[in-house]
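Each reported figure results from applying straightforward, stated rules to the coordinates on display, with no laboratory input. Since the model is a prediction, treat every value here as computed from it, not as a measurement. A quick note on method: Cβ atoms are made from the backbone with ideal geometry, for glycine too, and the neighbour counts reach across all protein chains shown.
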Amino acid sequence: MENLHIDQHISRRYNEELEDLRNKVMIMGGMVEKQCKNALKALIKGDSSLAESVATSDYRINSLEVEIDAECTEILARRQPAASDLRMILTVIKTITDLERIGDEAEKIGRFALKLANSHEPQSYYSDLHHLGTHVIEMLHDSLDAFARMDVDSAVKVAGRDPEIDLEFEALTRMLITHMMEDPREVKNVLRLNWCARSLERIGDHSSNVCEYVIYLVKGHDVRHISLEDIQDTYSKNK
Amino acid sequence: MDTVSMRKEHNIPGESAVMDKQLADKPLEGIVENLRECDVRESKKVHQYETIGKPFTDNARISARDVNVYYGDKQAIIDASLDIGSNEVLAMIGPSGCGKSTFLRCINRMNDIIPICRVEGSITLDGEDIYGSDMDTVLLRARVGMVFQKPNPFPKSIYENVAYGPRIHGLAHNKAEMDDIVEKSLRRASLFDEVKDQLDKPGTGLSGGQQQRLCIARAIAVSPEVILMDEPCSALDPIATARIEELIDELKEKYTIAIVTHSMQQAARVSQRTAYFHLGKIIEVGDTREIFTTPQHELTENYITGRFG
C-alpha cells in the first residue's frame with residue numbers, strides 16, 4: 001500500500017485522469033507557494049506594486065480550485081474509485097481546500113503589505129517576521145513535496161514543525177505588543193503586522209493539514225485531531 | 001450447470017499463463033512470489049499462505065475449514081477456510097477462474113453432479129457436516145437455496161414455480177396453505193403485487209428482473225436457512241438490479257446470504273463482509289467497509305481498483 005501505483009489501471013484513460021488531477025494539485029500548490037513568497041517579500045521590502053499584484057491575483061488559485069473540484073466530482077461519478085484511488089480523490093478534495101485558504105491568507109498579507117508600504121520604516125522586528133515567514137514557506141514547500149512523493153515519513157516530520165511556528169508567532173506577538181506600548185502612534189501599523197504574522201501562522205496550520213492528508217492517503221488512517229506525539233509514534237521511521 | 005461449462009471455467013491454461021507473466025513482470029511479496037512459479041496450483045508454497053483479515057465470525061452458520069476442491073487433477077480451491085455468519089450477506093469477489101463460484105457451489109453440494117470434481121476438508125451448516133454420509137442432498141438444497149446467474153424459472157405457471165418446492169417437501173397440507181406459502185414467498189421477493197392477477201400465466205413470460213425475483217421467491221418458498229446467489233443481477237438492468245439488491249437487504253433479516261458478483265459496487269452495496277479470491281486461494285476477508293477503503297493485501301487492492309497487479 002506504500003506505493004500507490006496510480007499509473008497501473010487497466011483503463012489508460014483513468015490513469016491519465018488521476019495523473020492529470022495530481023499535476024493540477026501540484027500546479028495549484030506552486031501558485032500558492034509563489035503567492036506566499038511574493039506576499040512576504042512585498043511585506044518585508046515594502047514593495048507596493050508587488051503587494052498589489054499579490055492582493056489581486058488570488059482569483060487564479062480560486063478558479064483552479066473550482067476546476068479540480070469539478071474533475072474530482074466527475075471521476076467519482078464515472079469511475080466509482082475504491083480503496084487507494086478513493087483516498088486519492090478525497091485527499092485531493094481536502095488538500096485543495098487548504099491550499100485555497102493559504103491563498104486567501106497570502107492575499108490578506110498582500111493587502112496589509114500595500115497599506116504598510118506607504119508608511120514603511122524598517123524596524124528591528126521585521127527580521128523576526130521575515131524569519132517566521134521563511135520558516136512557514138519552507139514548511140508549505142515541504143508539505144507539497146511530501147504530497148508529490150506521497151512520503152509519509154517526511155509528512156510526519158513536516159507536521160512536527162508546526163509547534164515551532166506557533167511558538168515563533170507567540171514570541172513575535174509579545175514583541176509587537178511591547179512596541180505598541182512603547183509607541184502608541186504606531187499601534188495601527190503594528191496591529192497590521194500582527195495580522196500578517198497571524199496569517200503566516202495559519203499557513204503553517206494548513207500545511208500541517210496537507211501532511212495529515214498525505215498520511216491518510218498512504219496509510220488509510222485518518223490522523224486529524226490526533227496528537228502530534230501519537231502520530232510520530234505510529235508513523236515515524238526514526239523517532 | 002452442465003459438466004462441460006464447469007470444466008471450462010476452471011481449466012483455462014491461456015489465462016493463467018497471462019497472469020503468471022504479469023506477476024513475473026512485477027514481483028510482489030508473499031503469495032505472489034509463490035504464484036510466479038508456472039503452475040500455482042501445484043506449488044507447495046502457496047499452501048502456506050494464510051488468509052488475512054477476519055475469515056471467521058462468532059455467529060457462523062456455515063463454516064468451511066481447509067477446503068480443497070479438484071476438477072480431475074486441477075486444483076480449483078486451495079485450503080479455503082471461511083465462516084458465513086447468521087443474517088449477514090457475504091460477498092465473494094475475484095477474477096474469473098479464482099474459485100469463488102466453485103466455493104459457492106460446494107456449500108449446497110452442487111458440485112456432486114460433476115463427476116471429476118472432488119471436495120476435501122469440512123463444510124458445516126449449523127455444525128452439521130454437509131458432506132457427511134447421512135446428509136440428504138435434496139434436504140440440504142432445501143435448507144441452502146440457490147439463485148443462478150440467468151433467471152431459470154420452470155416452464156410452468158408463476159404459481160407452480162413457487163409451489164413446486166413446498167409440494168415435493170410436503171410443506172403444505174391443503175390448497176389454502178399452499179396459496180399462503182406462494183403469496184408470502186412472492187411478497188417477500190417483492191413480486192406479488194406485480195403478478196397477483198396472472199399467477200396462472202407462465203413464469204417464462206415475465207421480464208428478466210421479474211423472472212429473477214420469481215426464482216428468489218421459489219428459493220425462499222421452502223424456508224431455507226441460507227441463500228446462495230451466483231451473480232444474480234448480471235443479466236438485469238440497473239432498475240431490476242436495484243430491486244434485487246433492496247430485496248437482498250431485506251432478506252438478510254431472515255436468511256444468511258452468500259453472493260458471488262463481478263460488480264464491485266454491488267458487493268460494496270449489499271454485503272457486510274467481503275472475501276477476495278485469487279487463483280484458488282482466499283486472499284483476504286474482512287468487513288466490506290474496510291475491504292473497499294483500506295484493503296490490506298496488494299492483490300485485493302489491485303483487483304478492486306482495476307489495476308493489473
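Suppose we look only past 34 Å in the calculated P(r) of the protein assembly as shown. What percent of the Cα-Cα pairs does that tail hold?
53 percent
Can you compute 3J(HN,Hα) from phi for each residue in the range A:59-67, using the Karplus curve 6.51 cos²θ - 1.76 cosθ + 1.60 with θ = phi - 60°, rounded to whole Hz and x for Gly and Pro?
Each residue's phi maps through the Karplus curve to give 4, 5, 5, 4, 5, 5, 4, 4, 5 Hz.
Within 10 Å of each residue's Cβ, count the other Cβ atoms and sort B:MET135, B:MET92, A:MET181, B:MET110 from fewest upward.
Ranked by crowding around the Cβ, least crowded first: A:MET181, B:MET135, B:MET110, B:MET92.
Given the -39500 (n - 2.57) contribution per DSSP H run of 4+ residues, what per-residue ellipticity at 222 nm results for the protein assembly as shown, rounded to the nearest 500 deg cm²/dmol?
The helix-only estimate for the protein assembly as shown comes to -18500 deg cm²/dmol at 222 nm.
If neighbour count is taken as other Cβ atoms inside 10 Å, put A:HIS179, B:HIS173, A:HIS130 in order from fewest to most.
In increasing order of surrounding Cβ atoms, one gets B:HIS173, A:HIS130, A:HIS179.
Hey, in the GNM for chain A with a 10 angstrom Cα cutoff, which one of A:ILE203, A:ILE177, A:ILE165 fluctuates hardest?
A:ILE177
What fraction of the Cα pairs in chain A, stated in percent, has a spacing above 24 angstrom?
The proportion of pairs with Cα distances above 24 Å equals 49 percent.
Counting other C-beta atoms within 10 Å, which of A:ARG13, B:ARG188 has the fewest, and how do the rest follow?
Fewest-to-most Cβ neighbours within 10 Å comes out as A:ARG13, B:ARG188.
Using a 10 Å cut-off on Cβ to Cβ distances, tally the other chain neighbours for every residue of A:78-91 and report the average as a whole number.
4
What's the FRET efficiency of B:ASP197 with A:VAL66 using the Cβ-Cβ distance as r and R₀ = 35 Å, to the nearest 0.05?
So, using R0 = 35 Å, E works out to roughly 0.05.
List, in the order given, every pair from A:LYS94/B:LYS54; B:LYS100/B:LYS252; A:LYS219/B:LYS281; B:LYS156/B:LYS252 whose Cα-Cα distance in the structure shown is over 22 Å.
Beyond 22 Å between Cα atoms: A:LYS94/B:LYS54; A:LYS219/B:LYS281; B:LYS156/B:LYS252.
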